[in-house]
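The values are calculated or read from the model by the stated rules, or taken from the named source; none is laboratory data. Here the structure is a predicted model, which means the values were calculated and not measured. Counting neighbours? That spans all protein chains shown, and the Cβs are built from the backbone with ideal geometry, glycine included.
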Amino acid sequence: MGRSEYKRRVTGAWAMARRWPGWKDFGPAICCSPSATRLILFTALCGIALISVSGCGDGRPERVAVSGQVLIDGKPLTHGFISMVPKGARPASGTIGPDGRFIMTTFECGDGTVLGTHAVSVMAGETLSETATRWHAPKKYADPNTSGLVETVDGPTDSLVIKLTWGGGKPFIERDGDAT
């Protein structure tokens, strides 16, 4: 729409409004009156509040920050990965540091895990060569179905402790599928 068309439409609208009895009470002043200004501000603030409360979200399930430490026979596990597998949601994982500490990640680094009950696995195999793996924890912990580890996440935590045991065993090297 050109400038002349815009001017014609605005002028025509005001001309029609002026023909209505009492237009001065409701005409141009309606947008500038204190009560109208308050109403506009109130409506705008309510809209902003609704947007803030509902949030934009990332379309992913709600996650909470989860970190902690993996211990084996009371000492920090110094090598491996941890995985937490919930039912019906994406698993979270974390790298175990030299002090046994980990930070869980589901989608983005450090975003935590979904709430609920999780089967836990700890993969502590270190590849030494194409045919040799050093196990820093029993192999049973590497599979969430055989680990026997279950954790419930009901809120954020930085003190989750995962306790493993050798049960009388010790770290070993596996070559071509045979433990030595």
Scan (1) closer than 23 Å to Glu62 by Cβ; (2) touching a residue at least 60 places away in the same chain (Cβ under 8 Å) for the single condition Trp166 breaks and write down its number.
(1)
Arg63: charged (D, E, K, R) and crowded, with 19+ Cβ neighbours inside 10 Å, yes or no?
yes
So, in the stretch 91-111, exactly how many residues are among the charged types (D, E, K, R) and modelled with pLDDT under 95?
2
Name the single residue, out of those in the stretch 122-175 being aromatic (Phe, Trp, Tyr) and part of a strand (DSSP E or B), that is surrounded by the most Cβ atoms within 10 Å (Cβ to Cβ).
Trp135
Test: Ser93 is under 29 Å from Gly59 (Cα atoms), free of Cβ contacts under 8 Å to residues at least 24 places away in the same chain and surrounded by 13 or more Cβ atoms within 10 Å (Cβ to Cβ):
yes
